[in-house]
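Contents: one structure, followed by commentary.
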Amino acid sequence: MTGMNRVLRALATTAAALLALTAAAPGAVARPEPKAPPEFVDLRSVDPTIITEMRYTTAHNFMGEPVDGYRQPVCILTRPAALALRTAQRSLLRQGYSLKVYDCYRPQRAVDHFVRWAKDLDDQVMKDEFYPHVDKTRLFEDGYIAEKSGHSRGSTVDLTLVQLPAVPTRPYEPGEDLAPCYAPQGERFPDNSVDMGTGYDCFDTLSHTEDPRVQGEQRANRQLLKGTLTGLGFVNLAEEWWHFTFKPELFPETYFDFPVARRSVAGH
């Protein structure tokens, strides 16, 4: 046998052994990403006029980084909740306002991300804006962070009002100076919403919808938002002027974990 023949034969033997080994090993099958049930929709497919500013796809939130599970800035909701928002939007447009959503369906993996962040007491990058008066050790006890969220059931939305014509909100620059979320509107991070007395996701009692310190135009704006939505079946969370849940919920006991992405509701 020539040297070349020996080399070729050795290569063939090695290839056969590798093929046999591959055939014997169980196949590694990638687990497909979960998709939303057909009752979920992209809000834009129901009403494209509602402004979308999905904060958790960006670094401008209380953690200072994009949140797990938020792949694209799309508002996903159960269809009844989305249809009710469309009705609210039609009423508000006639008054010169638009709804703007900050967060809609929230996957369980995002809630888990919140919990990990809350337990990391050394990470206080965004404290000056979002929780200036709250010690991070109290986030669970005070109810700002929990291991489950109604958002994961699909009928809860965080939103505000924007006076038309809407002025774009400038992008947040990581590392920029932070102003307290309860500061006067001209001092806190610029948002194109009407003045609600605090910014979104402000961990402070001033965010309570009926806080008596909130008066005048700020109170009127909160009441316009709440009155419009509660008349259509939404229930406000008393501690957060921006938080509303459409009742009855389609999935009152189910916490979903499909990602926030258009593909999750493709074809719905």
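A few notes on this one:
- Selection status of ALA146, more than 23 Å from VAL260 (Cα to Cα), hydrophobic (A, V, I, L, M, F, W, C) and at pLDDT 95 or above: no
- Some residue of the stretch 181-197 being part of a loop (DSSP other than H, G, I, E, B) and aromatic (Phe, Trp, Tyr): yes
- Candidate set from the stretch 16-44 (those that are within 27 Å of TYR105 (Cβ to Cβ) and loosely packed, with under 13 Cβ neighbours inside 10 Å); member that is modelled with the lowest pLDDT: ALA30
- Of residues in the stretch 93-113 being surrounded by 20 or more Cβ atoms within 10 Å (Cβ to Cβ) and touching a Lys or Arg at 6+ places or on another chain (Cβ under 9 Å), the one farthest from VAL74 (Cα to Cα): VAL111
- Qualifying residue in the stretch 213-234 (condition: assigned to a helix (DSSP H, G or I), among the basic types (Lys, Arg) and farther than 21 Å from LEU85 by Cβ): yes
- Of all residue pairs spaced 6 or more apart or on separate chains, those with beta-carbon atoms under 7 Å, a first member in the stretch 236-254 that is under 14 Å from LEU77 (Cα atoms) and a second member that is assigned to a loop (DSSP other than H, G, I, E, B) and of a type in the set (D, E, K, R) are LEU250/GLU39.
- The stretch 205-224, residues that are in contact with a helix residue (DSSP H, G or I) (Cβ under 9 Å, 6 or more places away or on another chain) and touching a residue at least 24 places away in the same chain (Cβ under 8 Å): THR209, GLU210, LEU224
- Candidates in the stretch 226-268 are the residues that are touching an Asp or Glu at 6+ places or on another chain (Cβ under 8 Å) and aliphatic (A, V, I, L, M); of these, the one that is surrounded by the most Cβ atoms within 10 Å (Cβ to Cβ) is VAL265.
- LEU178 assigned to a strand (DSSP E or B) and in contact (Cβ under 8 Å) with a residue 40 or more places away in the chain: no
Okay, residues lined up against (1) under 23 Å from the mean Cα position of the chain (by Cα); (2) farther than 27 Å from LYS127 by Cα; (3) among the acidic types (Asp, Glu):
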position	(1), (2), (3)
PHE203	yes, no, no
GLU210	no, no, yes
ARG213	no, no, no
GLY216	no, yes, no
LEU232	yes, yes, no
TRP242	yes, no, no
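- Top-ranked residue of the stretch 51-73 - restricted to ones that are of a type in the set (Val, Ile, Thr) and surrounded by fewer than 23 Cβ atoms within 10 Å (Cβ to Cβ), ranked as farthest from the chain's Cα centre (by Cα): ILE51
- Residue in the stretch 92-109 that is over 29 Å from GLY231 (Cα atoms) and among the charged types (D, E, K, R) present: yes
The values are calculated or read from the model by the stated rules, or taken from the named source; none is laboratory data. Fair warning: this is a prediction, and the values are worked out from it, not measured in the lab. Backbone-built Cβ (ideal geometry, glycine too); neighbour counts: all protein chains shown.
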